[in-house]
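The structure appears below as structure tokens.
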Amino acid sequence: MTEPMSVPFRKYHGTGNDFLVVDETDAERSGLSEFADRRTFAIAHCDRETGAASPGEGRRGADGVLFLGIEDAVDPTRVTMSLVQPDGSTAAMCGNGARVVAAWARDRTGESEFVIETPAGDRRATVDANGRDVTIEMGIPRFDPDGVPVDRSRAADPAVRDDDPDAPLLETEIEGLTVSAVNTGVPHAVAFLDDDRDGGNLALDDVDLDDVDIDDVDLEAVAEPVRHADVFPEGANVNLAQRVEYVPGDGSADDREFDGLVPTYRQRTFERGVEGETRSCGTGAVAIAAVARRTGRVDAETVRSRPPGGELEITVPEEGPATLSGPVVEEGTGELRSRPDVDPDRVADAAPAVDPGGKPGIDSGVDPSVDSDAGPSVDSEEESDPR
């Protein structure tokens, strides 16, 4: 009897955002060249209860499978990245996933600089000398409705429908949550808790969140309706952010790295494609920083984000691409069945998120002056041209 075919994998996580990594060569050799097979593979092995056992001390399953190809005959080495999510969908970009890609490529080549090819455009990545701190270019955040995308004509709220269809969706109540929409490679809706301005930036019918800690919020309850809101034709990832208020010398955990200069936000993210909360989201961290700048909450280019899985540093300059920096950890290696046994009904019933693909303005941003559709400086006050 023929043994089931298996495929080697490595498992990494970037601040808790964990991924199974499969080399394209191994995937093709193991019968995973077709997307339908990769979709089934991801649905089976990413499951948090029955999926791949961690080769280290991490959790069972994963936030996605990265299929990676490497071309080291060019300088810098080029890596192709394809992410299949737990619901069987693909994503145009994943910030922590791209950082994992760079760490994997360094393990393969010993090099420190790479170009990562994603559906959202090329991304340059640099791995520090320690081999685990990775910085990735994230493109230029887009607020214009076409770039997110946002379609006000589909909104349930007449006030949102009747607003200027070409205006960015900023600090607007959607399904009870006051959000701003931005594309940082994939669509995001960002809401800030206990904001000091005019009664805050979180509006829920039956909940007063003026003094609520971000960890006490039922994220699924407040985020899922926004994730599926009609105003977002391709869905949206939903982020809650809460400013860290340091009191130097008070002995609190948040005082450990206080420098008084870098604005810091705690972060929680409900991810489209995972259809639940993840321990970290790189594109979400960039979205929080970009919206914080655009809405005047911060004027610094550098912002820190603290999702449950660690800390990320984001730079959103007035011109050029945003960057995302943080650690990556390899959990270990193993083998998985390339054709896992999955209930066909489960695969058929999976409701994958829509993959937006690459869009102008969320490309690498290496030379934004040549991209007429690129977004503006994120803290621009010019509303006559929302792009």
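None of the figures in this text is laboratory data; all of them are computed from the coordinates on show. If you're wondering where the values come from, they're calculated on a predicted model, not measured in any experiment. Cβ placement follows ideal geometry from the backbone for every residue including glycine, while neighbour counts extend to all protein chains displayed.
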>> Take Glu24 and Asp37, extend 7 Å from each Cα along the Cα→Cβ direction, and tell me the distance between the two endpoints in nm.
In response: 1.6
> Say each of Val262 and Asp343 gets a label point 7 Å from the Cα, pointing the same way as Cα to Cβ; how far apart are those two points in nm?
Replying inline: 4.6
> Would you list Met81, Met5 from fewest to most Cβ contacts within 10 Å?
Replying inline: Met5, Met81
> How many nm is it between the label spots at Ala129 and Glu335, if each spot is 7 Å from the Cα in line with the beta carbon?
Replying inline: 3.9
>> Could you list Thr172, Thr295 so that the one with the fewest beta carbons within 10 Å of its beta carbon is first and the one with the most is last?
In response: Thr295, Thr172
> What does the convex hull of the Cα atoms come to per residue for the stretch 37-172, in Å³?
Replying inline: 165
> Roughly what % of DSSP beta bridges within the stretch 11-109 run antiparallel, to the nearest 5?
Replying inline: 75
>> Can you sort Glu271, Glu313, Glu137, Glu220 from fewest to most other Cβ atoms within 10 Å of each residue's own Cβ?
In response: Glu220, Glu313, Glu137, Glu271
> Stretch Glu57-Met5 to full length: gain in nm at 0.36 nm per residue minus the Cα-Cα span?
Replying inline: 16.2 nm
